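Scroll down for the structure; my scribbles are underneath it.
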Amino acid sequence: MGIGILFVFLSNYFNVLTPQVTGFVIDYVQQSLGVAGYKSRQQVLDYDILVNKFALWVKTTGYAPMKIVALCGITILVLALLRGFFLFLMRQTIIVMSRHIEYDQKNAIYRHYQQLDASFYKRNSTGDLMNRIAEDVSRVRMFTGPAIMYLVNLISVISLAVFFMFKRDPLLTLYVLAPLPILAITIYYVNNTIHKKSEKIQETLSALTTNAQESYSGIRVIKSFVQEKAMLHFFSKNSEEYRQNAIGLARVEAIYFPSITLLIGLSTLLTIMIGGLYYIQGTHNITVATIVEFVMYINLLTFPVSAIGLTASMIQRAAASQKRINEFLDTNPTI
């Protein structure tokens with residue numbers, strides 16, 4: 001787990017260096033070409049130490065602007081490859097670990113199923129028992145894998161990106177980040193609604209599964225008492241309830257991505273508008289490259305911030321599912 005967390009941090013570290021290299025090459029080329037009225041950055045100390053050393057080395061090479069652009073392009077490609085490599089290692093550690101936990105937990109539940117007596121199976125429906133070993137275990141796996149990964153990813157990306165943004169221009173950073181807390185709160189409430197509706201769907205699906213299983217196993221009894229139409233009506237009623245719940249969930253989920261796009265677009269708009277105003281006024285040592293860097297940082301923050309609500313929902317679901325699993329595992333046979 002500790003190694004997986006380290007891989008998450010390294011992956012995000014190389015990811016946040018890309019905007020800095022992009023900003024440096026824009027400033028350097030504009031300055032080298034002598035663009036009229038262009039205000040270049042006065043120092044590179046607000047870069048990361050690796051980008052700072054790279055920038056100082058590039059300035060001593062005396063290469064032509066086109067060669068510098070090609071060199072920076074290769075550097076960005078290398079950073080992307082490094083990020084992808086550590087991203088792969090991250091998934092190979094955290095996600096694979098969660099699969100092993102899922103495997104062990106399913107085996108433990110199945111072994112416990114075999115030890116319980118007939119009275120337990122009379123009290124519990126087949127659909128509910130199937131959901132415990134399938135859905136509940138899957139939700140616990142989502143916590144031990146993706147939820148932990150998203151949480152560490154959230155902390156590392158926000159820490160690194162916001163640190164370099166504040167280092168560059170604290171006031172512009174505050175303006176740019178203003179919509180993001182609203183985004184996190186909105187997604188949290190949307191996810192809570194999704195969670196409640198998902199729970200309702202799971203209950204309906206459990207009833208539907210039980211109804212189908214009991215109908216198939218007792219088909220001779222149903223035919224003997226000529227109850228085919230009654231059972232068909234009952235199944236159709238459960239199916240319609242499941243369909244309505246699924247449609248209700250889809251309507252709520254339809255708000256999810258538009259709200260993310262709206263608030264991220266607002267952050268980007270604030271970056272261009274306020275950053276552009278600072279650039280025109282010649283204040284805060286803002287350059288075109290700075291605006292580009294901030295837009296790229298906002299894009300980096302999009303998924304981690306939007307995943308706050310998703311991660312919270314995963315944790316809540318996993319807690320509820322683990323409680324159900326523990327209640328079942330604590331059940332002892334009467335004989």
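Taking region 213-239 as the range and being among the polar types (S, T, N, Q) and closer than 23 Å to Asp128 by Cβ as the test, the residues that pass are Gln213, Ser215, Ser217, Ser236, Asn238, Ser239.
Kindly state which helices (runs of 4 or more DSSP H) lie completely within region 40-144 and contain at least 1 residues that are more than 30 Å from Phe294 (Cα to Cα). Break it down into steps so the answer makes sense when it comes.
Details: elements: 49-61, 65-90, 96-115, 118-123, 126-131, 137-142.
By residue number, 96-115, 118-123, 126-131, 137-142.
Only one of the numbered conditions (1) surrounded by 13 or more Cβ atoms within 10 Å (Cβ to Cβ); (2) farther than 28 Å from Thr287 by Cα; (3) not aromatic (Phe, Trp, Tyr) is not met by Leu50, and that is (2). For Phe328, the conditions (1) more than 25 Å from Asp169 (Cβ to Cβ); (2) within 27 Å of the chain's Cα centre (by Cα) all hold with the exception of (2). Could you grab me the full set of residues in region 295-335 that are assigned to a loop (DSSP other than H, G, I, E, B) and either crowded, with 22+ Cβ neighbours inside 10 Å or at pLDDT below 80 (or both)? Scanning region 295-335 gives Pro333, Thr334, Ile335. Among the residues making up region 208-240, a single one is surrounded by fewer than 16 Cβ atoms within 10 Å (Cβ to Cβ) and touching a residue at least 40 places away in the same chain (Cβ under 8 Å): Gln213.
Quick grid of which residues meet (1) of a type in the set (Ser, Thr, Tyr); (2) within 27 Å of the chain's Cα centre (by Cα); (3) in a helix (DSSP H, G or I):
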| residue | (1), (2), (3) |
| --- | --- |
| Asn211 | no, no, yes |
| Tyr216 | yes, no, yes |
| Val226 | no, no, no |
| Lys229 | no, no, yes |
| Asn245 | no, yes, yes |
| Leu262 | no, yes, yes |
| Gly265 | no, yes, yes |
| Gly276 | no, no, yes |
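The values are calculated or read from the model by the stated rules, or taken from the named source; none is laboratory data. Since this is a predicted model, take the numbers as computed values, not measurements. A quick note on method: Cβ atoms are made from the backbone with ideal geometry, for glycine too, and the neighbour counts reach across all protein chains shown.
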